[in-house]
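J.: There's a structure below that I have some questions on.
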Amino acid sequence: KKRVALLISGGGSNMVRLIEDMQDEDHPCTAVLVASNDPNAAGLAKAAAFGVPTAAVDHKPFGKNRAAFEAELLKHIEAANPDIVVLAGFMRVLTADFVQRFEGRMLNIHPSLLPKYPGLHTHARAIEAGDTEAGCTVHEVTAVLDDGPLLGQARVPVEPGDTAETLAARVLRAEHRLYPAVLRRYGAGDKSRIDL
Ligand code: GAR
């Protein structure tokens, strides 16, 4: 099986869905590490409950020195020897050096229909723009933030009266369908795009 390291920063609901899916013996991947930049991330305990090894490297003591933070994080990742790195709600921008190391084998999920709304506050921006449709994107990570070859998108309607919170919840449910579907294909070597 392909060895998958997952990077999180928070609750890790996408990570949990991916690990649940990888429990299937027919799945091409197995989870070998869940690492967080926040030692208090709720997702770490959830990963441990599945028996997946966890690591936390707090980014805060490193200040603006991203390379030093990443070097520490990298020790844990390399020790797990992953074939694929999955960013699942990982909220640190990665340096080009780090990205290059995993070029062509690192995925990210972003809560918008890229190329619309890279960066933060995607749901508020979609509502502000009067969009009638929102969604999420899984893509391969390149050195450009929230860019790179698209592997899948899932669309949801923006409903009248939506707030950033209600829209985020609807998009998150779509993320939970999309990310496992993409990882299954990707792990089997199929980089064709999925639209849900
Ligand atoms: C998800 O909505 C994900 O798309 C987003 O953070 C949330 C994490 O939720 N990621 C980004 O904004 C990346 N810049 P989760 O921890 O419950 O999976």
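The values are calculated or read from the model by the stated rules, or taken from the named source; none is laboratory data. All values derive from a computational prediction rather than experimental measurement. Please note: Cβ atoms are built from the backbone with ideal geometry, for glycine as well, and neighbour counts cover all protein chains shown. For the accessible areas, the whole protein counts, side chains as well, though only heavy atoms, and no ligand, DNA or RNA atoms are used. Shrake-Rupley method; radii C 1.70, N 1.55, O 1.52, S 1.80 Å.
J.: For the chain, what relative contact order do you get, as a whole percent, if you take Cα pairs closer than 8 Å and at least 6 residues apart?
T.: Relative contact order of the chain: 19 percent.
J.: Let me ask something additional. Which lysines, on any chain, are close to Lys191 with Cα under 22 Å apart, when same-chain ones fewer than 8 places away are left out?
T.: Lys1, Lys2, Lys116
J.: At q = 0.10, 0.11, 0.13 Å⁻¹, what is the base-10 log of I(q)/I(0) for the chain according to the Debye formula with one equal point scatterer per Cα and no solvent? Please give it to two decimals.
T.: Log10 of I(q)/I(0), two decimals: -0.39, -0.47, -0.66.
J.: Peptides 103-111, 90-98: what's the order by average Cβ count within 10 Å, highest mean first?
T.: The peptides rank, most packed first, as 103-111, 90-98.
J.: To continue, here is another question. Restricting attention to segment 104-196, which GluC sites (Glu not before Pro) occupy a DSSP loop and are surrounded by at most 10 other Cβ atoms within 10 Å?
T.: none
J.: Here's a follow-up. Using a Debye calculation, one point per C-alpha and no hydration shell, please list log10 I(q)/I(0) for segment 48-131 at q = 0.10, 0.14 Å⁻¹ in order.
T.: Taking Cα atoms of segment 48-131 as identical point scatterers yields -0.34, -0.64.
J.: Roughly how many Å² is the accessible area per residue of segment 104-196, as a whole number, for a 1.4 Å probe?
T.: For segment 104-196, the solvent-accessible area averages 47 Å² per residue.
J.: Let me ask another. Using only alpha carbon pairs under 8 Å that are at least six residues apart, calculate the relative contact order of segment 1-82 and give it in whole percent.
T.: Reported relative contact order: 32 percent.
J.: When the accessible area of segment 44-196 is split by element with a 1.4 Å probe, what percent falls to carbon and sulfur? Present the calculation step by step, with values, prior to reporting the outcome.
T.: Numbers: 4250 of 7580 Å².
That share works out to 56 percent.
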